[in-house]
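*Asks:* One structure is given below, represented as structure tokens, and several questions about it will come after.
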Amino acid sequence: MKHTRIFDAGLGYGSISTLETLTDCTIVKRDDQWWMFAAGVDPEINLLSASLPKGVPLSDEVWQITLDPTDTRKPALLAGKSRSSWWDGKGGRHCPSYVKGLDPEAQRWVERIYYAGATHHQAGPYSIGYLQWNGTERVDQSMPVFTANAYWEHGSVYEPNLIYHDGKWKL
């Protein structure tokens with residue numbers, strides 16, 4: 001088996017000078033293009049993306065981190081925190097999980113990236129929320145879908161894995 005190193009913090013990330021690390025990725029094919037959604041430290045923990053060129057197979061090694069359009073020394077963030085900062089503000093966004101499913105209210109298929117977020121510190125306690133693609137950009141949500149309240153949940157509510165099955169979003 002051949003092992004392929006896609007990104008390496010020790011070697012840097014090309015023109016991006018502010019990114020310290022890239023981790024916890026989820027990979028998905030969207031419209032004939034492979035995408036990676038990951039957590040990165042820049043200098044706060046946030047969600048970022050990388051992609052292969054359209055039509056290129058997953059086995060290729062030419063992944064490119066999506067750059068901030070206003071400053072190519074920085075990675076582009078997946079979404080702002082205009083609505084969610086009260087619950088995922090200082091603790092960052094971690095462990096993305098991509099899923100596509102039917103929004104029961106809108107009665108249309110939507111793409112979501114669920115993640116763990118924390119109000120005060122990256123060590124938690126965490127809540128689980130999502131960003132939803134609106135056709136143009138990913139939009140943060142004003143409320144988490146799950147919050148760690150019980151003592152035993154505080155160290156275990158992170159790294160959400162989601163599927164959409166049988167008409168339900170399953171965490």
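The values are calculated or read from the model by the stated rules, or taken from the named source; none is laboratory data. Not measured: the values here are computed from a predicted model. Ideal geometry is used to build each Cβ from the backbone, glycine not excepted, and the neighbour counts take in all protein chains shown.
*Asks:* Across the stretch 24-50, what is the number of residues that are of a type in the set (A, V, I, L, M, F, W, C) and over 16 Å from Gln122 (Cα atoms)? Show your work before the answer.
*Replies:* The first filter runs over the stretch 24-50 and keeps only residues of a type in the set (A, V, I, L, M, F, W, C), leaving 25, 27-28, 34-39, 41, 45, 47-48, 50.
Imposing the further condition that a residue be over 16 Å from Gln122 (Cα atoms) reduces the set to 25, 27-28, 34-37, 48, 50.
Within the stretch 24-50, residues that are of a type in the set (A, V, I, L, M, F, W, C) and over 16 Å from Gln122 (Cα atoms) number 9.
*Asks:* Within the stretch 49-108, can you find the residues that are out of contact with any Pro (no Cβ under 9 Å at 6 or more places or on another chain) and hydroxyl-bearing (Ser, Thr, Tyr)?
*Replies:* If the condition is that a residue be out of contact with any Pro (no Cβ under 9 Å at 6 or more places or on another chain) and hydroxyl-bearing (Ser, Thr, Tyr), then Ser51, Ser59, Thr70, Thr72, Ser82, Ser85, Tyr98 are the ones that fit.
*Asks:* Quick one: in the stretch 106-135, of everything that is polar (S, T, N, Q) and touching a Phe, Trp or Tyr at 6+ places or on another chain (Cβ under 9 Å), which residue is farthest from Thr26 (Cα to Cα)?
*Replies:* For the stretch 106-135, the residue satisfying everything is Thr119.
*Asks:* Name the residues in the stretch 43-82 that are closer than 17 Å to Leu22 by Cα, among the charged types (D, E, K, R) and without any contact (Cβ under 8 Å) to a residue 40 or more places away in the chain, would you?
*Replies:* Within the stretch 43-82, Asp68 is the sole residue that qualifies.
*Asks:* Trp109 passes all but one of (1) at pLDDT 95 or above; (2) crowded, with 17+ Cβ neighbours inside 10 Å; which number fails?
*Replies:* (2)
*Asks:* May I ask you to say which residue of Ile16, Ile45, Ile27 is in contact with a Leu (Cβ under 9 Å, 6 or more places away or on another chain) and at pLDDT below 95?
*Replies:* Ile16
*Asks:* So, Ser17, is that one polar (S, T, N, Q) and within 16 Å of the chain's Cα centre (by Cα) or not? Walk me through how you get there before you give the answer.
*Replies:* Values: polar (S, T, N, Q): yes; within 16 Å of the chain's Cα centre (by Cα): no.
For Ser17, the condition - polar (S, T, N, Q) and within 16 Å of the chain's Cα centre (by Cα) - is not met.
*Asks:* Run Gly40 past the list (1) within 17 Å of Arg138 (Cβ to Cβ); (2) of a type in the set (Gly, Ala, Ser); (3) touching a residue at least 40 places away in the same chain (Cβ under 8 Å) and report the number of the one that doesn't hold.
*Replies:* (3)
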